[in-house]
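Report on one structure; see the data block that follows.
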Amino acid sequence: MNHYFTDNRHLAENRKEISFRFWCITYSFISDNGVFSKDNIDFGTKVFLDTLLKREEMGNRILDVGCGYGPIGIIVKKTYPDKRVEMVDVNPRAVLLAKENAQRNNVDVYAHESNIYEQVDGKDYTDILTNPPIRAGKSVIYKIFEEAYERLCKDGSLWVVIRKQQGANSAVKKINEIFGNCDIVNKEKGYFILKAKKY
């Protein structure tokens, strides 16, 4: 079985343009077979972006882990052009799309291939954002949480969107074990937005 968190470039291409209006700006994204939410911007991403941008708490060096074709990182960068936004994904096709979509939407982000943090340099991120790959299993998701702590600067924050039925409560417990805190900063239609701070 092929998942969106693997190297699935052998899948036949079926590129599709998605138009997404957010905060009075219309974005254009190209998606394809083998990437997460290929037909539209998923509801969890919408709730995540709305929560992140309304709270205005992010610092100046942001990492989007599991970026897919790029909507989260690209919209954050468009909203805050002075912040440095880096995006990573294990899926090469997703990374290529993220780069193309950054150009389509006239934003300067750094997108590259990485299995979680393997190809990520630096341990001074102010914020790590993730809509984690649920189908990859808890071991992968929890590794994203655990290693986020090592990559964040002091007072940096991990932000997560996760559905209640896909393990939100256990994610809260795990993040609490790692960070010593985990706030549920928003809930909407079964989606939880979590924030943990590195003290």
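By per-residue mean of other Cβ atoms within 10 Å, what is the highest-first order of 88-101, 110-123?
88-101, 110-123
Could I have the simple spin-label model distance between residue 135 and residue 113, label points 7 Å from Cα toward Cβ, reported in nm to one decimal?
Calculated label separation equals 1.9 nm.
What is the packing order of peptides 14-20, 27-33, 38-44, taking the mean over residues of other C-beta atoms within 10 Å and listing the highest first?
Highest-to-lowest ranking by the protection proxy: 27-33, 38-44, 14-20.
Which percent, to the nearest 5, of DSSP beta bridges fully inside the chain are antiparallel? Show your work: numbers first, answer last.
Details: 19 of 37 bridges.
Around 50 percent antiparallel, to the nearest 5.
Per the Kirkwood definition applied to all pairs of different Cα atoms, how many angstroms is the hydrodynamic radius of the chain?
16.6 Å
Per residue, how much accessible surface does the chain expose to a 1.4 Å probe? Answer in Å², no decimals.
For the chain, the solvent-accessible area averages 47 Å² per residue.
Evaluate the charge dipole of the chain about its Cα centre and quote only its size in Debye, nearest 20, assuming +1 on the Cβ of each Lys and Arg and -1 on the Cβ of each Asp and Glu.
560 debye
Report, to the nearest whole %, how much of the accessible area of the chain belongs to carbon and sulfur atoms, 1.4 Å probe, protein only.
The C+S portion of the solvent-accessible surface of the chain is 44 percent.
Going by average Cβ density within 10 Å per residue, which order do the peptides 50-57, 128-135 take, highest to lowest?
Values: 50-57: 14.9, 128-135: 21.6.
Packing proxy ranking, top to bottom: 128-135, 50-57.
Can you work out ³J(HN,Hα) from phi for every residue in region 165-174, in order, using Karplus 6.51 cos²θ - 1.76 cosθ + 1.60 and θ = phi - 60°, giving whole Hz and x for Gly and Pro?
Going residue by residue, I get 6, 10, x, 4, 5, 5, 5, 4, 4, 5 Hz, with x marking Gly and Pro.
Counting DSSP beta bridges with both partners in region 91-199, what percentage is antiparallel, nearest 5? Don't skip to the answer; put the middle values down first.
Details: 12 of 17 bridges.
Here the share of antiparallel DSSP bridges comes out near 70 percent.
The values are calculated or read from the model by the stated rules, or taken from the named source; none is laboratory data. Being a predicted model, the structure only gives us computed values, none of them experimental. For neighbour counting, all protein chains shown are included, and Cβ atoms are generated from backbone atoms with ideal geometry for every residue, glycine included. Just the protein is used for accessible areas: all its heavy atoms, side chains included, with ligands, DNA and RNA removed. Shrake-Rupley method; radii C 1.70, N 1.55, O 1.52, S 1.80 Å.
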